[in-house]
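Worksheet: one structure, shown below.
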Amino acid sequence: MMKTLDVITIGRASVDLYGGQVGGRLEDMASFQKYIGGSPTNIAAGTARLGLKSALVTRVGDEHMGRFIREELAREGVDVRGVKTDPERLTALVLLGIRDDKQFPLIFYRENCADMALCEDDIDEGFIAASRSVVATGTHLSHPRTAAAVLKALRLAREHGAQTALDIDYRPNLWGLSGHGDGENRFIESAAVTAKLQATLGLFDLIVGTEEEFHIAGGTTDTVAALRAVRALSGATLVCKRGPMGAVAFAGAIPDRLDEGESGPGFPIEVFNVLGAGDGFMSGLLKGWLDGEAWPRALTYANACGAFAVSRHGCTPAYPSWDELQFFLSRGVVNPALRKDVALEQVHWATNRHGDWTTMRVFAFDHRMQLEDMARDAGADPARIGAFKELCLDAALRVAGGRPGHGILCDGRLGRSALYRAAGTGLWIGRPVEWPGSRPLVLEPEIGPDYGGLSEWPLGHVVKALCFCHPDDDPAMQAEQEATITRLFHAARRNRLEFLLEIIPSKVGSVDDDTSARLIRRFYDIGIYPDWWKLEPFRTEAAWANACAAITENDPHVRGIVVLGLDAPEAELAESFALAARQPLVRGFAVGRTIFAQAARDWLAGRVADEMAVADMAARYGKLCAIWDDARSAAKGEAA
């Protein structure tokens with residue numbers, strides 16, 4: 001059978017609720033960040049980020065947290081066909097905190113949880129046969145039902161020529177050896193646990209653990225003796241993790257000294273958070289192992305991935321992409337606190353974003369000032385603007401039809417109902433923060449003087465800021481606007497939100513083929529790295545080439561550019577689309593008034609009903625989508 005997967009992990013799946021405050025007790029945490037968790041879940045995501053075709057076998061509850069795990073794994077590129085929904089049990093939760101560099105309190109909420117109901121019937125032979133490897137973790141050997149599922153998966157893997165690996169992943173309280181408040185404890189001796197582990201060791205080609213984990217597997221706290229006890233039961237390569245001393249691999253006999261094993265270089269970094277470091281390590285190790293690398297190279301990957309995890313908040317969110325790992329290995333450690341390494345963090349952010357938005361057809365109805373003017377001209381109650389924006393959303397959804405590559409720009413002041421209703425529809429959602437028409441830039445009151453309003457935004461919303469600026473602005477104006485944009489950019493990142501920067505110099509002064517490019521370079525010079533740029537429709541190929549070069553020279557991982565409309569008629573937009581589509585970095589358009597202006601005037605004046613307004617906007621929006629798609633196809637044809 002053809003192997004379509006590289007690795008299947010099997011076992012725990014939980015939602016990690018990570019304390020947002022650092023340096024206090026778990027009792028003192030005021031807010032939590034939500035991530036996927038559980039060792040096999042982390043490893044599946046970590047290996048997917050490194051380019052492996054990964055899958056997970058587990059169970060989740062039939063509720064919001066279970067859906068979160070499934071959706072987040074899919075966004076990470078993990079195959080979720082093996083994630084079963086349990087109709088009776090809740091998804092496991094874990095509460096975690098960072099007290100200091102040695103204390104990391106955590107509580108497992110796993111009483112009769114969904115993943116512990118995994119059973120043999122959940123193991124599909126065809127699915128297992130399709131993978132090059134199967135990875136088990138220790139916790140699921142602790143219960144007869146889950147152990148039977150794991151053993152079936154291992155047996156099938158070996159029958160179908162797959163390699164097998166064990167991450168010992170010893171958590172004493174998950175084996176019932178200590179209380180709920182003892183989640184941080186990593187070692188309690190237990191002959192019963194040792195016996196259970198030893199009964200399975202012969203099934204693996206690779207066994208990985210800390211010294212304490214090999215102690216429980218080997219039945220002794222003498223590390224060399226424990227490794228030899230494991231070796232007596234298994235021919236697997238044994239990889240022993242030794243914290244700041246790195247890790248060593250033993251493919252054959254166990255020597256008298258651990259230092260005699262094969263090793264890879266360690267990395268002198270600050271320890272910020274050890275939770276999830278082992279899963280990051282395992283992800284890197286599996287990448288090297290499955291790629292056929294020598295153990296020193298595989299351990300280099302593993303040590304680096306573990307270093308990322310140790311230096312960042314969260315487990316899966318800390319793990320690197322393949323591009324990020326290569327960047328780090330080629331450049332080395334610049335700042336031991338990796339999360340404070342600006343260049344590295346930019347690569348981390350930019351190469352781990354979710355979603356494929358290589359095509360962007362965006363209906364922009366975030367307009368506030370213009371729609372207020374239209375309502376006033378029509379003698380309509382401004383409160384009706386919100387209802388009209390819901391009609392705009394209806395038009396967008398009608399054209400999108402559930403297909404990818406469509407989006408909206410909608411505000412939270414006048415368009416709140418439409419904005420909230422758009423969640424979960426598959427649309428890309430951008431949300432403006434600028435006060436309409438302001439120069440120097442002023443933000444909407446909802447953002448707050450400390451920009452804390454962004455903390456209320458869903459993660460799928462993109463922060464969009466429009467700045468009327470020009471390279472020839474006087475220094476005071478330039479400094480004030482740049483200070484606002486800088487603060488906004490960092491607030492967006494802090495809240496895990498993508499950032500779109502729209503610049504319109506033509507409303508301020510004269511422009512030439514290099515005006516926007518000069519502005520773009522200036523923003524990069526002051527440390528602003530937008531995920532998206534929204535630019536005016538340039539009239540020359542040179543202007544587009546200059547702008548695109550200014551972006552790619554500074555950020556090769558940028559999401560891309562969308563072209564704005566400026567209320568241009570359809571024929572003029574078609575001309576500008578044809579020019580813009582020749583640039584691969586231009587992903588599409590974000591157009592508003594060309595689509596909604598006439599419908600808004602007629603609807604606010606009572607001349608048309610809801611359905612007629614929706615139909616008119618859907619027709620205009622659909623036509624622009626077709627014009628863009630044709631322009632892109634023509635550009636690709638010219639390039640070929």
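Scoring Met245 on the criteria (1) closer than 30 Å to Tyr18 by Cα; (2) in contact (Cβ under 8 Å) with a residue 24 or more places away in the chain leaves a single failure, condition (2).
Quick check on the range 597-606. Is at least one of its residues outside any loop (DSSP other than H, G, I, E, B) and either at pLDDT below 95 or open to solvent by 40 Å² or more (accessible area, probe 1.4 Å) (or both)? Yes, the range 597-606 has at least one match. If you go through the range 422-437 and keep only what is under 17 Å from Leu459 (Cβ atoms) and part of a loop (DSSP other than H, G, I, E, B), you end up with Ala422, Ala423, Gly424, Thr425, Gly426, Leu427, Val433. Which one is farthest from Arg75 (Cα to Cα), of the residues in the range 435-476 that are surrounded by fewer than 20 Cβ atoms within 10 Å (Cβ to Cβ) and of a type in the set (Gly, Ala, Ser)? Among those that are surrounded by fewer than 20 Cβ atoms within 10 Å (Cβ to Cβ) and of a type in the set (Gly, Ala, Ser), it is Ala476.
Yes/no matrix, rows are residues, columns are (1) touching a strand residue (DSSP E or B) at 6+ places or on another chain (Cβ under 8 Å); (2) of a type in the set (A, V, I, L, M); (3) modelled with pLDDT of 90 or more:
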residue: Arg186; (1), (2), (3): yes, no, no
residue: Phe204; (1), (2), (3): yes, no, yes
residue: Gly243; (1), (2), (3): yes, no, no
residue: Arg257; (1), (2), (3): no, no, yes
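Among the residues of the range 264-318, those that are farther than 15 Å from Val239 by Cα and of a type in the set (Val, Ile, Thr) comprise Ile269, Val271, Val274, Val310, Thr316.
The C-beta contact set for the range 400-429 (first residue more than 20 Å from His367 (Cβ to Cβ), second residue of a type in the set (Ser, Thr, Tyr), distance under 6 angstrom, 6+ apart or interchain) comprises Gly405/Thr359. With respect to being part of a helix (DSSP H, G or I), of a type in the set (A, V, I, L, M, F, W, C), farther than 22 Å from Asp531 by Cβ and without any contact (Cβ under 8 Å) to a residue 12 or more places away in the chain, Ala619 fits the description.
Answer with yes or no whether Ile504 is touching an Asp or Glu at 6+ places or on another chain (Cβ under 8 Å) and either open to solvent by 10 Å² or more (accessible area, probe 1.4 Å) or aliphatic (A, V, I, L, M) (or both).
Yes: the conditions hold for Ile504.
The values are calculated or read from the model by the stated rules, or taken from the named source; none is laboratory data. Please read all numbers here as calculations on a predicted model, not as lab measurements. All Cβ positions, even for glycine, are placed from backbone atoms using ideal geometry, and neighbour counts span all protein chains on display. All accessible areas refer to the heavy atoms of the entire protein, side chains included, with ligands and DNA or RNA removed. Shrake-Rupley method; radii C 1.70, N 1.55, O 1.52, S 1.80 Å.
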